[in-house]
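Accompanying notes for the structure given below.
Any read-out appearing in this document is the output of simple, stated calculations on the displayed coordinates, not a laboratory observation. Because the structure is a prediction, the values reported are computed rather than measured. Positions of Cβ are generated from backbone atoms using ideal geometry, with glycine treated the same way; all protein chains shown enter the neighbour counts.
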Amino acid sequence: MYRATSSRIVAGSQRMGPTETDTEEGMLKGFRDFVLRGNVVDLSIAVILGAAFNAIVGSLVADVLNPLIAATVGKPDFSGVILHVGGGAIKVGNFLNAVVSFLIVAAVVYFAIVLPMNAFMARIKKPEAPAAPSTKTCPECLSEIPVAAKRCAHCAQPVA
């Protein structure tokens with residue numbers, strides 16, 4: 001008796017389990033299926049676009065906003081704030097600079113991208129049709145009953 005496997009014909013029924021090539025093919029097929037799933041591809045595209053968008057936002061902050069802030073308020077620089085504890089130095093100022101930079105970037109992204117995009121999506125979004133009611137009011141006891149009910153569950157009155 002001959003049995004067909006994925007890549008060859010095996011004589012007899014002495015084969016106990018998958019061969020090494022069958023296992024490798026299964027692993028590669030599983031890996032291929034994993035990589036080609038929609039959410040993995042979408043995530044990798046999002047990471048690539050996020051890296052490109054990071055360059056745009058970084059340039060906007062460094063080349064446009066920081067000079068505007070420096071011209072009006074003065075350049076906020078906290079790098080001189082250092083705490084000396086024992087023999088080490090804790091650079092609190094660098095952390096504060098990173099927080100201020102994050103807040104500036106977050107504000108720019110929110111006000112320049114998120115708000116306009118939400119307004120645009122709200123404008124083009126079609127209003128949803130109201131859902132059909134699933135309950136009705138009993139004319140006798142005024143309780144809510146299912147639309148398909150022929151008799152009220154609370155007062156036992158027939159309902160048209």
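Some observations on this one:
- Approximate spin-label separation Val108-Ala122, in nm, with each point projected 7 Å along Cα-to-Cβ: 2.5 nm
- Over all other residues within a Cβ to Cβ distance under 15 Å of Ile145, the charged ones net out to +1, with Lys and Arg as +1 and Asp and Glu as -1.
- Considering only the Cα atoms of region 26-109, their convex hull presents on average a projected area of 9.7 nm².
- By the count of other C-beta atoms within 10 Å, a proxy for reagent exposure, Ile45, Ile69 are ordered fewest to most as Ile45, Ile69.
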